[in-house]
């Protein structure tokens, strides 16, 4: 049975009529770039495991099989989050963002639904084969993801209260973090280190940094029906909010560093990264251009990766290769 090709002002017939694998390749380039997201999530997973081991005082790192399969699960979990968002936002996207892959007919929700099923079967299979004791942590993440997909059964209320919408949805990040860190403490049969609470809090705030940072626009770039924080609060207030979230995340990162026993180098790195990532925001306050708005988005990604590398990745690499 041939797939129905959607026609819209944004449709590209040569793309919409291509094979599924070609269309999914184009879809991921727009909505979930495997290379960029893969590097960030790999850093996220490595650092969660590393921070857990450092806090427990465990020697070395987990085995290659555990680490690689863990990366596969965490990357595909975030891809599931992306796919669930496509279903959740389908109505608004069709009304206001016809240029996106689903409303313009590049891929259908039905096809993405099947991709989600394949991912779920793959994840279950990998977990049962490699480490069945991780299943309950995985199912906890999936349960929360399903609730997110249903907007916790209060979709209308959440849509009117953006603060609660964002804060409720961001819990998926520390939950995935809990799974990733469990590849250390859970598989070792140990209790999770208390310092992980700081690490999870940093992950949660990093998600908010990314969320706000990618939704700041110059006034001329605002579009009807497309939610941005600059549109909700005004450009200056949105940037100041982003800077406040950055400060909170920095404070939590310092607490996590202290708990792990890191020295002055970690604090210097955190301070330098904070100053570097703040620069686009301060420039934007005086010079509102699309380039500076994009700079805040890029600074959000740099901040997130730097936090994970500083708290877990960097110290672990130092222990493995330089001591």
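Remarks
- With coordinates expressed along the principal axes, the C-alpha atoms belonging to segment 255-323 extend over 46, 19, 16 Å, beginning with the largest.
- Neighbour counts of C-beta atoms inside 10 Å place 41, 81, 202 in the sequence 81, 41, 202, starting with the fewest.
- Across the chain, the relative contact order, built from alpha-carbon pairs under 8 Å that are at least six residues apart, equals 23 percent.
- Nitroxide proxy distance, nm - points 7 Å out along Cα→Cβ at residue 121 and residue 68: 2.3 nm
- Along principal axes, Cα extents of segment 225-282, largest first, whole Å: 47, 20, 15
- Three principal axis extents describe the C-alpha atoms of segment 66-129; from largest down they are 43, 18, 17 Å.
- Gaussian network model of the chain, springs between alpha carbon atoms under 10 Å - residue of 274, 24, 200 with greatest fluctuation: 24
- Full-extension gain in nm, residue 142 to residue 155, via 0.36 nm per residue minus C-alpha separation: 2.8 nm
- Based on the Kirkwood approach, the hydrodynamic radius assigned to segment 1-140 is 17.1 Å, with every pair of different Cα atoms included.
- Residue with peak Gaussian network fluctuation, the chain [Cα springs, cutoff 10 Å], from 229, 51, 27: 27
- Listed candidates [x] 0.98; [y] 1.04; [z] 0.91 - label of the one calculated as Cα Rg over 2.2 N^0.38 Å: [y]
- Computed over the chain with a Gaussian network model linking Cα atoms closer than 10 Å, the most mobile of 34, 21, 87 is 21.
- Diffusion of segment 160-225 by Stokes-Einstein, at 4 °C in a medium of 1.567 mPa s and with Rh set to the Kirkwood radius over alpha-carbon pairs, works out to 93 µm²/s.
- Directionally averaged projected area (segment 196-292, Cα convex hull): 6.5 nm².
- Computed on segment 194-323, with alpha-carbon pairs under 8 angstrom and 6+ residues apart, the relative contact order is 31 percent.
Values quoted throughout were computed directly from the atomic coordinates according to the rules given, and no laboratory measurement underlies them. Keep in mind it's a predicted model, so treat the numbers as computed, not measured. All Cβ positions, glycine included, derive from the backbone under ideal geometry; neighbour counts span all protein chains shown.
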